[in-house]
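To start, the structure under review is shown below, and the notes come after it.
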Amino acid sequence: MFLRLLSDIQWRAAHPKWRRMTSSQRSTSTTAEPHPLSLPAQAQVVICGGGIVGTSVAYHLSKMGWKDIVLLEQGRLAAGTTRFCAGIVSTARPVSIELKMAHYSNKLYEQLEQETGVQTGYMKTGSISLAQTQDRLISLKRIASSLNVMGIPCEIISPKKVLQLHPLINIHDLVGAMYVPEDALVSSANVSLALATAASRNGVQIHERTSVSHITIQKGQVTGVETDRGRIQCEYFVNCAGQWAYELGHSGEEPVHIPLHACEHFYLLTHPFKEPLSSSLPTIVDPDGRIYIRNWQGGILSGGFEKNPKPLFTEGRNQLEIQNLQEDWDHFGPLLSALLRRMPGLEALQIMQLVNCPESFTPDMRCIMGESPTARGYFVLAGMNSAGVSYGGGAVSSWRSKRFGTLQSSRTFLRHRVMEVMPLMCDLKVPRWDFQTGRQLRTSPLYDRLDAQGARWMEKHGFERVKYFVPPGNDLLDLDHSKTFYKPDWFDIVGSEVKCCKEAVCVIDMSSFTKFEISSTGDQALESLQYLFSNDLDVPVGHVVHTGMLNEKGGYENDCSIARLSKRSFFMISPTDQQVHCWAWLKNHLPDDSNLMMEDVTWKYTALNLIGPRAVDVLSELSYAPMTAEHFPSLFCKEMSVGYANGIRVMSITHTGEPGFVLYIPIEYALHVYNEVMNMGQKYGIRNAGYYALRSLRIEKFFAFWGQDLDAFTTPMECGREFQVKLDKGIQFLGQEALWEQKQNGVYKRFTMFILEDHDTDMDLWPWWGEPIFRNGRYVGKTTSSAYSYTLERHVCLGFVHHFDEKTGEELVVTTDFINQGEYEIDIAGQRFQAKAKLYPFSSLFTQRRRKDEVELSGYQRE
Amino acid sequence: MLAASCCDRRMCVCPGPRRIAIPVRSSRLPLLSDAMPAPAHLFPLIRNCEISRLGSTACYCHHKHLCCLSSHFAHSHFRYAPQKKFAALYRPKEHFNHFIHARDYASTPQRFYLTPPQVNSILKANEYSFKVPEFDGKNVSSVLGFDSNQLPANAPIEDRRSAATCLQTRGMLLGVFDGHAGCACAQAVSERLFYYIAVSLLPHETLLEIENAVESGRALLPILQWHKHPNDYFSKEASKLYFNSLRTYWQELIDLNSGETTDVREALVNAFKRLDSDISLEAQVGDPNSFLNYLVLRVAFSGATACVAHVDGVDLHIANTGDSRAMLGVQEEDGSWSAVNLSYDHNAQNEREVERVRMEHPKSEEKSLVKQDRLLGLLMPFRAFGDVKFKWSIELQKRVVESGPDQLNDNEYTKFIPPNYHTPPYLTAEPEVIHHKLRPQDKFLVLATDGLWETMHRQDVARIVGEYLTGVHHQQPIAVGGYKVTLGQMHGLLTERRARISSVFEDQNAATHLIRHAVGNNEFGTVDHERLSKMLSLPEELARMYRDDITITVVQFNSHVIGAYQNEEL
């Protein structure tokens, strides 16, 4: 799996421009005197930051055959957060890619000492995560399911067993725990030094006491690095500067936005017990008490993630101040109470030190990894959210760093958001939780109207979107505060919204979707888009095409709908969080031609999605134009007037497979059109609906969504969208070769829909995403999204099925027969539910007149 | 005697004055300068028969309860101090003991405590906060905002407060006013003084513009933007009268046009003096409307002190008349707080002030001028607005009272002429003005009436407000260093510290927080809920014996802006 993550780098490594350097250029060891060597004038890769992440990047690149690498550190190696960090390698992560990275790190550290001869203090002690509540236990069970299918030993244990494993623990308030026996402890500074030693043996030049002032970028491409000791020309720059990454990103003329912010983080060191603690005692994580406890030189080391974090360096500071940060016992007080409650026997233990070591956090609690969307060759690995040691080893991948826009780079936003994020490290994460800070940044012009009608909101890419509408009379407080792994309290509310979509008409504000216009003076627009998109865009004017924007390997960089407005202009609708990524991708791939215009018009249009059989009636009454299928076929786009407003782009798509239209309304008309629609719609039973209803509809219709189901590693062939790929359109397009190969050889995973059979909606845990899928008792993949289908009255999960060879574990081709001939189970927090696998949606759902886009969008054309 | 027992040492106009210790029993009893203790059995008489008469004067009516209800308390009181003369002998703390005894004696040991939420609702009833609005995400004013609150002891409260932003000139005005012999004067000053100051500050052209607007009936430029709590009212009836006086003032300013730029100090002094003379003049002239006529007389015969701050950039001017006080909170480099007085009290404790009064009157009066720490043995503040009894000649007083409405004639206090009254005026409203250039370490300004200062030392005030505003309870941070400390010991220490801090976070308003301390502090300097609850649950008739009205305005400064100003000047 890890190789897969690395593949992008490997591909670059195979680039013809590669120059091989002799090993004579190797630097002296890491303990070198200051400035033993002058800086080289040029290098292929410059890494900034000598912490665990930077040294790991150097280690891995050099191991993969990259030679011309320079690592710069402003102070000493492993001197920043790395030096102070607690050194716990824990694989218990809820997000699967992070889990994989942590697992890889663990394996790496295990053999590092042997490989390099540098002592890393690696000690396999195991870890125990405690649950004080049933909900916490459920979340641990979900993690345990994920770990088990990865082949990482892990078990849910009783409080009694906890006491056997760790005699100091007070178990009276525990309901259970998760034990991961292979989790380990390391000395992070030593790991970092070991990695640096190995890297330097492989030819990486390491320069300490060299600080990077800024990066030079020309025409969107990294060209060099300016340091206090001179300039280095380079092709690639890797920013591993930890909490300084934000400042470094902003230091150049063309800023690179790296949204992270540092917070103070405290941990306590004690003197040893009279009878020193065994160094093999497992590490304790008590998320309900917000603390972690490990053994340390016969005593303990304990820190935590408090509820009221102290952000720092908002204005940016220099490194010297890290060392001078003060202990703050009053701030640590609540964590100390939690510690003594967990281990009352520690009362008599003497304090050695309270360490204040800043950690950096990101706005969405995921680390920032990958190439910058604005500068080619500028890679970032930072924002480890206090888990640098766990991820450090494995964090070399080209995972999306493009999820943040400039809007998330406001220092105020970051400061407020990290104050929310840090406590979340320990908070229970239940399905569908939302951030509470940094909200109401981008809103639709209808926000107040919808809010007044009982809208409840969630946030996507800074944009407020409606979850559902609370009918008047419901207890609002109650609705907002109950969070659960079981049936949520909005169940009936969303149910009635779905029913209305099926039987009458609903309106959903979808303004957050990213909207681009691409036009040209000649045929350049069509030609470039034909190269970038897999479907044939040379369609008559007024037609809408669903297509993927693929990378070289055929993976989805974006999944979008494109309307041909005229011969030479196109209107492109993409998911909300594509705004930065898609723009960067298009900028990088479109030819540099002044006749080719591209504009982000997201903010210019408000989108109203009219879903339901009566949408036709509402719209034709408002526009005095016939809207029947003969006049307005599906997948069609036309500018028309609605009410008094003219120039409204009406498209016959709904993103759900239900009949209906999306209206793209210039924002100044938004309120007018909304009012008109609601007034006219009254006699057809119109009502507002939210994204939860949309989600239920699209999942029961088996629609994959980019960002949830689709990512850069998924091809159209793997999710049954062959029909959206026109291999024979006569024009070469990106990813074509890879898709040809898949068409010939078959695919290694297949997007499949599962209907849970013996699941009791009221009593059982609900699926969310990331649940393991079992075929004939063997693990074959994980779910990517799920929803309750009000039509089927069953839960529907979507996910990818792989075919692992029973003996070797090698991935084999997945055929339709393989899918159809299995017995499936979905594992929800350790409990398995029978599931029926389907490669096409239920036709019986389509009681309405079947439309062309349903057939196409639903993914599987039936023979 | 009644006066002494029901009102405090400061003044009795009873009906029941507070700041002026005049022996009065009721309008029926003969007025004696050397009063005899009244037999206790007389009080029921007053209670039963005189209520309507005592209460017939709108302004003094609040004292009727005080008199009547304190009368049954007086029984017990005399038991313990029968020989004492009235007036200033009684201090609140003594009262407190008597109070307890009184309760015992009355054998009604009801112990009713207020719950914390009840205490809070009392403390917060008058709180008001104003934040200077930000433009473009930046506050360019040197003032961040202010918190204000008042806690009544008199019923109704005799303190007043005002705050306003000058719209035609720069700067902000804040003030506290402590009334005596009723609230009428304090009320009038709180409504009018800032207009007088604002007008004094206006440049000639603006004055002309305003005058022309009035002349031609056009809309007036707004002069002040008030920041008022809903309970801070303006009297509608008198507004026309007040406006005319103000207009006369600015017309004179226009005629005087000196052409010089207005000096703030001078403007403040002129405004104070002018308002006081207008108050005096209005009372002499009278008004055809009988209600107004009575009102202007009440204003003139009652009194008020004033402590006003004018903040414009780094220039802070404090104009003070009387014994309210302005104090600057300064944060030292080590983070601790210190207090700097920005006003001098005008009372008998201020030697310079005593000296001043002596200089203004013939040597023959030296002995009678200041007696028992009071002006003419009666008045505690040595400067005040109103109080024409200490300003007008005896003839003028007699003439005005006699020609005045019946209510005035019936009132003992107004008829009473101070003893040894030979060379009026004895009292002035002229303020002392102190100018201070704000520095970045000047974090806040506290304006408060003497109700606060008599219970708390300014150093404590500085510390409590400073810690409140910075959100940090300034305790030495704990450092383990080389000491042997166990986790358990540390835990105990932290728990105790947390408990101490928690009281800081109860209040959203610095003034409320200060009042909580002023009323509820025990000997250890921390708020004692039981004490707080006791003090606040005193029947309103008794409250005055244990504390005075407290009015506090805390102005918070914007150190960034002040720092920037300073840099500019360098």
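The values are calculated or read from the model by the stated rules, or taken from the named source; none is laboratory data. Just so it is clear, the model here is predicted, and its values are computed rather than measured. Please note: Cβ atoms are built from the backbone with ideal geometry, for glycine as well, and neighbour counts cover all protein chains shown.
Observations on the structure shown:
- Neighbours by Cβ (under 7 Å, 6+ apart or cross-chain): first from segment A:253-264, crowded, with 19+ Cβ neighbours inside 10 Å; second assigned to a loop (DSSP other than H, G, I, E, B) and of a type in the set (D, E, K, R): A:C263/A:K310; A:E264/A:K310
- Some residue of segment A:85-101 being at pLDDT 85 or above, in a loop (DSSP other than H, G, I, E, B), of a type outside the set (D, E) and surrounded by fewer than 16 Cβ atoms within 10 Å (Cβ to Cβ): no
- Residue ID - nearest to B:G175 (Cα to Cα), chosen from residues in segment B:213-238 that are hydroxyl-bearing (S, T, Y) and modelled with pLDDT under 90: B:Y233
- When segment B:260-318 is filtered for residues that are in contact with a His (Cβ under 9 Å, 6 or more places away or on another chain) and of a type in the set (D, E), only B:D315 remains.
- Filtered residue count, segment B:280-300, keeping only those that are buried (at least 16 other Cβ atoms within 10 Å of the Cβ) and in a loop (DSSP other than H, G, I, E, B): 2
- From the list A:P488, A:P445, the one residue that fits, being at pLDDT below 90 and in a loop (DSSP other than H, G, I, E, B), is A:P488.
Let's see how each residue does on (1) closer than 27 Å to B:I552 by Cβ; (2) in contact with a Phe, Trp or Tyr (Cβ under 6 Å, 6 or more places away or on another chain); (3) modelled with pLDDT of 90 or more:
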residue	(1), (2), (3)
B:R298	yes, no, yes
B:S302	yes, no, yes
B:A306	yes, yes, yes
B:H310	yes, no, yes
B:V314	yes, yes, yes
B:G329	yes, yes, yes
B:G335	yes, no, no
B:D345	yes, no, yes
B:R352	yes, no, yes
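- Enumeration of residues in segment A:519-563 that are farther than 30 Å from A:M458 by Cα, of a type in the set (A, V, I, L, M) and buried (at least 18 other Cβ atoms within 10 Å of the Cβ): A:A525, A:L526, A:L529, A:L532, A:L537
- Test: residue in segment B:455-477 that is surrounded by 14 or more Cβ atoms within 10 Å (Cβ to Cβ), more than 14 Å from every other protein chain (Cβ to nearest Cβ) and part of a loop (DSSP other than H, G, I, E, B): yes
- Across segment A:257-276, the number of residues qualifying as aromatic (F, W, Y) and under 21 Å from A:Q326 (Cβ atoms) comes to 2.
- Top-ranked residue in segment A:329-340 [being within 7 Å of another protein chain (Cβ to nearest Cβ) and in contact (Cβ under 8 Å) with a residue 12 or more places away in the chain; ranked as surrounded by the most Cβ atoms within 10 Å (Cβ to Cβ)]: A:L336
- Subset of segment A:341-382 that is closer than 16 Å to B:L493 by Cβ and buried (at least 20 other Cβ atoms within 10 Å of the Cβ) - its residue that is farthest from the other protein chains (Cβ to nearest Cβ): A:L354
- Identity of the residue in segment A:581-601, within 22 Å of A:K460 (Cβ to Cβ) and at pLDDT below 90, that ends up farthest from the chain's Cα centre (by Cα): A:L586
- The listed residue being in a loop (DSSP other than H, G, I, E, B), among the small types (G, A, S) and either closer than 29 Å to B:P133 by Cβ or in contact (Cβ under 8 Å) with a residue 60 or more places away in the chain (or both), out of B:A198, B:A155: B:A155
- Residues that are under 18 Å from A:C240 (Cα atoms) and part of a helix (DSSP H, G or I), drawn from segment A:199-229: A:A199, A:S200
- Of residues in segment A:825-863 being in contact with a Phe, Trp or Tyr (Cβ under 6 Å, 6 or more places away or on another chain) and modelled with pLDDT of 90 or more, the one nearest to A:K141 (Cα to Cα): A:I826
- Residues satisfying the stated conditions in segment A:561-576, i.e. touching a residue at least 60 places away in the same chain (Cβ under 8 Å), assigned to a strand (DSSP E or B) and of a type outside the set (S, T, N, Q): A:A563, A:R564, A:L565, A:F571, A:I573
- Residues (touching a residue at least 60 places away in the same chain (Cβ under 8 Å) and over 13 Å from A:K726 (Cβ atoms)) located in segment A:533-548: A:G542, A:H543, A:V544
- Every listed requirement among (1) away from chain B (no Cβ under 14 Å); (2) at pLDDT 85 or above is met by A:R317 save one, (2).
- Here segment B:333-355 is the region considered, the condition is being part of a helix (DSSP H, G or I) and in contact (Cβ under 8 Å) with a residue 24 or more places away in the chain, and the residue that is surrounded by the fewest Cβ atoms within 10 Å (Cβ to Cβ) is B:V354.
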